[in-house]
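Beneath this line is the structure, given in structure tokens, with notes to follow.
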Amino acid sequence: MVLLAFMNDVLESVQAGMGVLQLETIPHRAFPCIRTAFEAAQQALVLVTQEDYAFVGAKAWVYYCRRDKNWLALAKPEGSGIQSKQDAEDWFEAKLQDIANLWDSVSNGQEN
């Protein structure tokens, strides 16, 4: 069912992108549609090639949070509450705890 949904996203997003490309004044607006199709295809590929799809998804989530942590430590964007490298590290640790709590709530204590 999930694979069918991903493939439907690919098809519909490509169709929408092709429709936008027909509009000669704004063909660049097709990019988000094509990007959505690409990302759905990536998800479908992971779904059919990975034995533990949920675990691979969690690893990807942690990877992107780690990347965001590094950016936050450098950029310290106004209004983010991040003023130091330690603040960014604390933010990251809180995000890890969030995913651990979520994982535990849906996996009945498997603690992968």
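Each value in this text was obtained by applying a stated rule to the coordinates, not by laboratory testing. Predicted, not measured: the structure shown is a model, and the values here were computed from it. Virtual Cβ from ideal backbone geometry, glycine too; neighbours counted across all protein chains shown.
Stokes-Einstein, applied to the Kirkwood radius of the stretch 51-112 over Cα pairs at a viscosity of 1.002 mPa s and 20 °C, places its translational diffusion at 170 µm² s⁻¹. Using the rule -39500 (n - 2.57) for each DSSP H run of four or more residues, divided by the residues of the chain, the 222 nm mean residue ellipticity is -26500 deg cm²/dmol. The equivalent ellipsoid of the chain has semi-axes of 33, 24, 9 Å, largest first, where each one is the square root of 5 times an eigenvalue of the Cα gyration tensor. Dipole orientation for the chain: of the candidates Leu21, Pro32, Val106, Leu21 has the Cα lying most toward the positive pole (charges on Cβ; Lys, Arg +1; Asp, Glu -1). Between Lys85 and Met1, the contour length at 0.36 nm per residue exceeds the Cα-Cα span by 26.0 nm. Residues of the stretch 38-66 with the amide nitrogen closer than 17 Å to a label point 7 Å from the Cα of Glu93, along Cα-to-Cβ, please. Correct set: 66. Ordering Val48, Val14 from the fewest to the most neighbouring beta carbons within 10 Å gives Val48, Val14. Equivalent-ellipsoid semi-axes for the stretch 1-49 (Cα gyration tensor, √(5λ), whole Å, largest first): 24, 9, 5.
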